[in-house]
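Every number here is computed from the coordinates shown, using simple stated rules; none is lab data. It should be emphasised that the depicted structure is a prediction, and the values quoted were computed from it without experimental measurement. In this analysis, Cβ positions are derived from the backbone assuming ideal geometry, glycine residues included, and neighbour counts consider all displayed protein chains.
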Amino acid sequence: MIDSELVLNGQAYAYTIYAVVIILFILSFSYMITKPGKAGVLKTSLFIVLVVFLTVLGVSLHITTSKTIPWVSMDLNRRDITPDRVFNITMENHQFQLPEDTLEMKVGKIVVFDVTSKDLTYGFGIFRQNNSMVCQMQVVPGHKNDLMWKFEEPGVYTIRSTEYSGPKGHQMILNDVIIVTE
């Protein structure tokens, strides 16, 4: 599974380049239809070629990046995957209730975070030490809320609520409670 931070950086570069190409297309199109002496004249074939090029580029970019998102294949094949560990977590009154003080697992093992809210809609996010997000989901009361994940790197991770749940929601942080070892 590809690290989500790598995916985010790769997509940022790819979509920035795509946006620059579109901007250059718009600028060249604007220049071609407004240049002195031939205002309003644009070869239809050139316009069609540019539009087709941008369409193919955009669709290719979406197809390519959709295959790099780390959780897609796991979610698509979820029925056939048996997790190595399941952690049942409850959220209520702006607090996490973990099954253990620390949630320990090994690198490469598949875990499921089965999270239940007893009162409000919360978020369940796992964060690295540098405060970048690994993954997250919304936790809605009365619905199944579970997140299947495979950690590729050892480390110590923090759990935070990633959804606004009122003024007390900003306090919903459990530092260094997920420990992933080799």
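Just a few scattered comments:
- Within region 70-135, percent of DSSP bridges classed antiparallel, to nearest 5: 40
- Between Phe25 and Glu152, the contour length at 0.36 nm per residue exceeds the Cα-Cα span by 41.7 nm.
- Per-residue 3J(HN,Hα) values for region 11-28, derived from phi via the Karplus relation 6.51 cos²θ - 1.76 cosθ + 1.60 with θ = phi - 60°, read 5, 4, 5, 4, 6, 5, 5, 4, 5, 5, 4, 5, 4, 4, 4, 5, 5, 5 Hz in sequence order (x marks Gly and Pro).
- Using the Cβ-Cβ distance between Lys168 and Leu61 with R0 = 45 Å, the FRET efficiency computed as 1/(1 + (r/R0)^6) comes to roughly 0.65.
- Beta bridges assigned by DSSP with both partners in the chain are antiparallel in approximately 65 percent of cases.
- 25 Å Cα-Cα reach of Lys43 towards lysines, excluding residues that sit fewer than 8 places from it in its own chain: Lys35
- Cα pair count fraction exceeding 19 Å, expressed as % - the chain: 67
- Cβ-based exposure ranking for Tyr13, Tyr18, in which fewest neighbours within 10 Å come first: Tyr13, Tyr18
- 5 angstrom amide H check on Val134, placed H, neighbours 5+ away: Ile126, Phe127, Arg128
- A full extension of the chain between Ile179 and Leu8 corresponds to an added length of 59.2 nm, given 0.36 nm per residue minus the alpha carbon distance.
- Given their separation in residues at 0.36 nm each and the Cα-Cα distance between them, Asp101 and Val140 gain 11.7 nm when the chain is fully extended.
- Residues whose amide H lies under 5 Å from that of Lys109, counting only those 5 or more places away or on a different chain, are Phe151; hydrogens are built 1.01 Å from N in the peptide plane.
- Where labels lie 7 Å past Cα in the beta-carbon direction, separation of Lys43 and Asp80 in nm: 5.0
- Helix-only [θ]222 nm of the chain, DSSP H runs n ≥ 4, -39500 (n - 2.57) each, per residue, nearest 500: -11000 deg cm²/dmol
- Highest-fluctuation residue, Ser161, Ser132, Ser45 considered, GNM on the chain with Cα pairs under 10 Å: Ser45
- Two-decimal log10 I(q)/I(0) for region 81-181, as the Debye equation yields it once each C-alpha is a single scatterer, q = 0.13 Å⁻¹: -0.41
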